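The values are calculated or read from the model by the stated rules, or taken from the named source; none is laboratory data. This one's a predicted model, so the numbers in the text were calculated from it and none came from an experiment. In this analysis, Cβ positions are derived from the backbone assuming ideal geometry, glycine residues included, and neighbour counts consider all displayed protein chains. Surface areas here come from the heavy atoms of the whole protein model, side chains and all, with no ligands, DNA or RNA. Shrake-Rupley method; radii C 1.70, N 1.55, O 1.52, S 1.80 Å.
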Amino acid sequence: MNKQIQRKKLSASMLLFEFRNITGNPYIHIFGIGLPVLMVLIFGNVLASNIPDGEMLSKAVTGLFLGLGTMIPLAAMLVGYAATFSQELEKGIPQRLELFGIDQGMTIVSRILAELIFQVCSFVIYFAVGALILRIEAPAVKGLFCYMICIAALGVISFGLAHAVALLFRKFGITYCVTMILYFCIMIVSGMMGIDYEMLPPPVQAAARLLPTHYFVKDFADIWQGREYNFIPMLQAYLFTGALAGVLLFFSLRRRAGKNA
Amino acid sequence: MQLTIENLTVKYGTEIALEIKEPLTVSEGDRVGIIGSNGAGKSTLIKSILGLVEYRGSIRTDLNPRQIATHMQFNEYTDAMPCKYIMEVILDTKVSKNPRLQELIHYFEFEDCLRKKYDKLSGGQKQRFTIIMVMMQDAPLTFYDEVTSGLDFETRQKLVEKLVNWYQGKTSSLCIVSHYYEELEQLANKILILDKGKVIDYGDRDQLFRKYCGRAVVVFDARSRHQELVKGYRKLASPAHLTALSVKDEAEELAVTKLLLENNINYRRSNSDIEIMYSNARQTFYGEGQGDE
């Protein structure tokens, strides 16, 4: 009797497998949770020592907290996932799984969902630290919802970029190098490393405006409180980075399909 | 017919890695041993059947991809979790709820490895891990590409013994690439001989043996004293350190072995020696003294 495996399109076991794959990487805990928490505590204390206690400090800490929160999707997806996936490509793991009948499309969907679940877990810890230690401002419902949507969208774009970069280079070393450079450039240009947007030269400011992270650092404290905000520039930044990730992903997938033809 | 390959050409750059002109068919129940030296095109053949390399020509099969199971030469998995979880997701089942999987795990003595991560397994355990999952697919056609490479003698023997016993009486077809010919003597009933990307011969193992070696071969040390003794008998192509004689009937075999016994010469008699058969098939294909590296 033929007992071939009849696989579902998407399953809880596949999702759990991908989640274990993420959490099994120790660096993801360090860079995806540990580092943002550490940085927000350090910079939060620096702010507290420079700004007198009161509404201004609370707003500054909240702005810092919301901006540094973007490190979670960037570290976990852009750097972490690219590193994991490039190592898998080097070892031929995706091909091995395909030979067992595990569809690549199903793997990607499971991965992105697992990454988003991991992101939610990371933010629970991050927000616990923010609320209990840094005493960030309580959000308006609209602000919280907006932050969640924007972070999720940033995560999806980071995932797409990471997948494309790993597929293009197919080697761990170069993939890790490229994504780390991207990661630090995004953080520096977006003002997460202590350099304000106003201090940047005009061409770099123009580049910063193309990054969604720039708006997290600069403006999200207002959105968080539900204040009136012009979303158009931020939306344009999302569209630009989303399109960039999409185009890169398209070419990298086509290149891979060509190689496997 | 499960698989037919015809007019196949695989190129790596400008170099032809594999060329199969005459139709080559694998039928239900065939156990095909694929042999040849490094670069002969053995793994390339499997990769082209699986669609992993670009090729020109025709590979026809009445099986869908899910009905073909493959043990690749190199099999890697994530090191982020214990093997049990990898196994469960690949096979889309639970070890605790699947008696057939439990049986295979027990058969391959893999129970203690389930909790280990893949990078902590030994070479033999890694091979068994993939074999268990390949066998669980219970596919009508299964490829084993150098399933015992890198293993010590004892582990190799045990693994082959388990494979032989497992597939005994089953109708599934196997294509086994191996450099260890004694394994194929146990596992294969057909042999495909490849060399430098070309098919030297393909057919029933026993028929090929008779075609190239006669009724049986008697193999012994290639010392000059021994050569003198067996002058007059038909010598076959063989590795440099051995002399292989072809014996055409029982009487000749008795005469040869009597001679060797009288002279206290150790010998081995076989009617299925794939190594000697391979050497002679190559020699016939290229002509005497040609085709060597």
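Remark: the Cα gyration tensor places the range A:66-135 in the prolate category, a/c being 1.5 or greater and a/b exceeding b/c.
In a DSSP loop and with at most 11 other Cβ atoms within 10 Å, the trypsin sites (Lys or Arg not before Pro) in the range B:186-293 are B:K231.
At the residue level, B:L52 shows approximately 30 square angstrom of accessible surface with a 1.4 angstrom probe and all protein chains present.
In this Cβ point-charge picture (+1 for Lys and Arg, -1 for Asp and Glu), the protein assembly as shown has a dipole of about 480 debye about its Cα centre. Solvent-accessible area per residue in chain B equals 47 Å², computed with a 1.4 angstrom probe and all protein chains kept.
In the range B:216-270, Cα pairs under 8 Å separated by at least six residues give a relative contact order of 49 percent.
Here the relative contact order of chain A, from alpha carbon pairs under 8 Å that lie six or more residues apart, stands at 26 percent. Since only B:S246, B:S37, B:Q207 are under comparison, the one whose Cα sits farthest along the positive direction of the charge dipole of the protein assembly as shown, derived from C-beta charges on Lys, Arg, Asp and Glu, is B:Q207. Averaged over the residues of B:77-88, the number of partner chain Cβ atoms lying within 10 Å of the residue Cβ comes to 5.
Derived value for the range B:216-270: Kirkwood hydrodynamic radius 11.0 Å. Basis is the mean of 1/r over every pair of different alpha-carbon atoms.
Heavy-atom accessible area buried between chains B and A is around 2700 Å² (1.4 Å probe, both sides summed). Within the accessible surface of the range B:216-270, defined with a 1.4 Å probe on protein heavy atoms only, the carbon and sulfur portion equals 50 percent.
Can you tell me the relative contact order of the range A:58-184? Whole percent, Cα pairs under 8 Å, sequence separation 6 or more.
Details: 96 pairs, mean separation 69.4, N = 127.
Relative CO of the range A:58-184 lands at 55 percent.
Taken as entire DSSP H runs, the helices of chain A that both span 27 Å or more between Cα atoms along their own long axis and average 1.0 or more on the Kyte-Doolittle scale are A:104-129, A:141-169.
Taking every protein chain into account, the 1.4 Å probe leaves A:F251 with about 120 Å² of accessible area, to the nearest ten.
The contact residues of the range B:102-145, meaning those that lose at least 30 Å² of 1.4 Å-probe accessible area when all protein chains sit together rather than their chain alone, are B:Q137, B:D138. For the residue pairs B:K116/B:K196; B:K97/B:K126; B:K116/B:K190; B:K170/B:K248; B:K47/B:K170; B:K162/B:K190, the alpha carbons lie more than 31 Å apart in B:K116/B:K196; B:K116/B:K190; B:K170/B:K248. Oblate is the label for the range B:92-195, because a/c, from the alpha-carbon gyration tensor with a ≥ b ≥ c as root eigenvalues, is 1.5 or above and a/b does not exceed b/c. Here the convex hull built on the C-alpha positions of chain B has a volume of 157 cubic angstrom per residue. Annotation: amide H-H contacts under 5 Å for B:C175 (H modelled 1.01 Å from N, sequence separation of 5 or more, or interchain): B:V32, B:T142, B:F143, B:Y144. Measuring only protein heavy atoms, the 1.4 Å probe finds A:F43 accessible over about 70 Å². Distance between the C-alpha centres of the range B:9-87 and the range B:93-155: 20 Å, rounded to the whole angstrom. Around A:C150, under 14 Å between beta carbons, what's the net of Lys plus Arg minus Asp minus Glu among the other residues? With Lys, Arg at +1 and Asp, Glu at -1, the net is 0.
When the P(r) is computed for the protein assembly as shown, the part past 39 Å accounts for 45% of the Cα-Cα pairs. Working note: 222 nm ellipticity from helices only, DSSP H runs with n ≥ 4, each -39,500 (n - 2.57), summed and divided by the residues of chain A, gives -23500 deg cm²/dmol to the nearest 500.
When ligands, DNA and RNA are left out and all protein chains stay put, how many square angstrom of accessible area per residue does chain A have with a 1.4 Å probe? Walk me through the intermediate numbers first.
On the way: 12260 Å² over 261 residues.
Value for chain A: 47 Å² per residue.
Placing +1 on the Cβ of every Lys and Arg and -1 on the Cβ of every Asp and Glu, with no other charges, gives the range A:1-154 a dipole of roughly 520 debye about its Cα centre. On the accessible surface of chain A, probed at 1.4 Å, how many percent belong to carbon and sulfur atoms? Within chain A, the accessible surface is 71 percent carbon and sulfur. For chain B, modelled as a GNM whose springs connect Cα atoms under 10 angstrom apart, the maximal fluctuation among B:G232, B:G123, B:G57 occurs at B:G232.
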